[in-house]
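The values are calculated or read from the model by the stated rules, or taken from the named source; none is laboratory data. All values derive from a computational prediction rather than experimental measurement. Cβ placement follows ideal geometry from the backbone for every residue including glycine, while neighbour counts extend to all protein chains displayed.
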């Protein structure tokens, strides 16, 4: 079982010192969230019962690959991915270039975790077609490894036609591609095309059901024997027993927030004091959970 944590809702300036602490404490990875903007006039329904995002318009969503590059530069072993990156809201070549650059800076310590997205306004402002986002994402997942090979590369598909060119730097090793999302289309995309699936937070029963669905879909697509990562969070109280049971049903990576039950960071904290306050909860989780799991 791997243990990952995230930077969502963290002050952007705290991410760098916290990445160092997580690296030193023995965490396996950090997930970075993604949004471009929050429009004053938001008509797109968020995929939740309320139909509205749980965050306020002024919530910071730093650029995923700038932040990953910065965190990678000050760490040594911890890995990075997204939860999740709205790839089809960007041009294919831009995604290929950003991910490849981050992969080189991180010396291969990254994976790309993609989602189709839900906010039409983001797509329109970025000049990307919203209604074809799922089909374009499917093609992106196939095209990116071809564009990351190094040397002269090209791609021809229905939605993307890339003439022979070079994109340098290219990743030092293959970049795993994971898929996020809970819709039938997202789960099928993960099972059919990807190296794994990234979920969100679930009750135990809901997590079991998602894993059963993915297992059945991978069998349907003839991929049951291939390696496949499953990353999610559980809403139950953290414990060694809980995580060992999750491991037994096929979860390979657990997303957790060691500081979720702490007092949090106040707006007046300096970067140093904020990092110190994160440090206590991170080191306590490492001692209570990580050390006992290993």
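Can you work out which of the residues in region 21-39 that are under 20 Å from the mean Cα position of the chain (by Cα), over 20 Å from residue 182 (Cα atoms) and touching a residue at least 60 places away in the same chain (Cβ under 8 Å) is surrounded by the most Cβ atoms within 10 Å (Cβ to Cβ)?
Only one residue fits best here, namely 22.
Of the residues 50, 43, which single one is out of contact with any strand residue (DSSP E or B) (no Cβ under 6 Å at 6 or more places or on another chain), at pLDDT 95 or above and surrounded by fewer than 20 Cβ atoms within 10 Å (Cβ to Cβ)?
Unique residue meeting the criteria: 43.
Among residues belonging to region 146-187 that are in a helix (DSSP H, G or I) and in contact with a strand residue (DSSP E or B) (Cβ under 9 Å, 6 or more places away or on another chain), point out the one that is farthest from residue 214 (Cα to Cα).
147
Here are some residues: 103, 72, 96. Which one is over 18 Å from residue 22 (Cβ atoms) and in contact with a helix residue (DSSP H, G or I) (Cβ under 6 Å, 6 or more places away or on another chain)? Write out each step before concluding.
Numbers: 103 fails: in contact with a helix residue (DSSP H, G or I) (Cβ under 6 Å, 6 or more places away or on another chain); 72 fails: over 18 Å from residue 22 (Cβ atoms).
Result of the check over 103, 72, 96: 96.
The rows are residues; the columns are (1) over 29 Å from residue 46 (Cα atoms); (2) in a helix (DSSP H, G or I).
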residue	(1), (2)
99	no, yes
102	yes, yes
108	yes, no
128	no, no
141	no, yes
144	no, yes
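Being in contact (Cβ under 8 Å) with a residue 12 or more places away in the chain, in a loop (DSSP other than H, G, I, E, B), closer than 14 Å to residue 36 by Cα and touching a strand residue (DSSP E or B) at 6+ places or on another chain (Cβ under 9 Å) narrows it down to one of 88, 57, 62, so name that one.
62
Would you say residue 16 is under 16 Å from residue 257 (Cβ atoms) and assigned to a helix (DSSP H, G or I)? Give the derivation first.
Numbers: under 16 Å from residue 257 (Cβ atoms): no; assigned to a helix (DSSP H, G or I): yes.
For residue 16, the condition - under 16 Å from residue 257 (Cβ atoms) and assigned to a helix (DSSP H, G or I) - is not met.
Which number in (1) farther than 19 Å from residue 256 by Cα; (2) more than 17 Å from the chain's Cα centre (by Cα); (3) free of Cβ contacts under 8 Å to residues at least 24 places away in the same chain marks the one condition that residue 42 misses?
(3)
Return the residues of region 110-126 that are over 13 Å from residue 89 (Cα atoms) and outside any strand (DSSP E or B); say none if nothing qualifies.
111 - this is the single residue of region 110-126 that is over 13 Å from residue 89 (Cα atoms) and outside any strand (DSSP E or B).
Consider region 116-144. How many of its residues are crowded, with 23+ Cβ neighbours inside 10 Å and touching a residue at least 60 places away in the same chain (Cβ under 8 Å)?
Number satisfying all stated conditions: 1.
I'd like the full set of residues that are out of contact with any strand residue (DSSP E or B) (no Cβ under 7 Å at 6 or more places or on another chain) and over 11 Å from residue 289 (Cβ atoms), limited to region 242-256.
Going residue by residue through region 242-256, those that are out of contact with any strand residue (DSSP E or B) (no Cβ under 7 Å at 6 or more places or on another chain) are 244-245, 247-249.
Across region 242-256, the qualifying residues are 245, 247, 248, 249.
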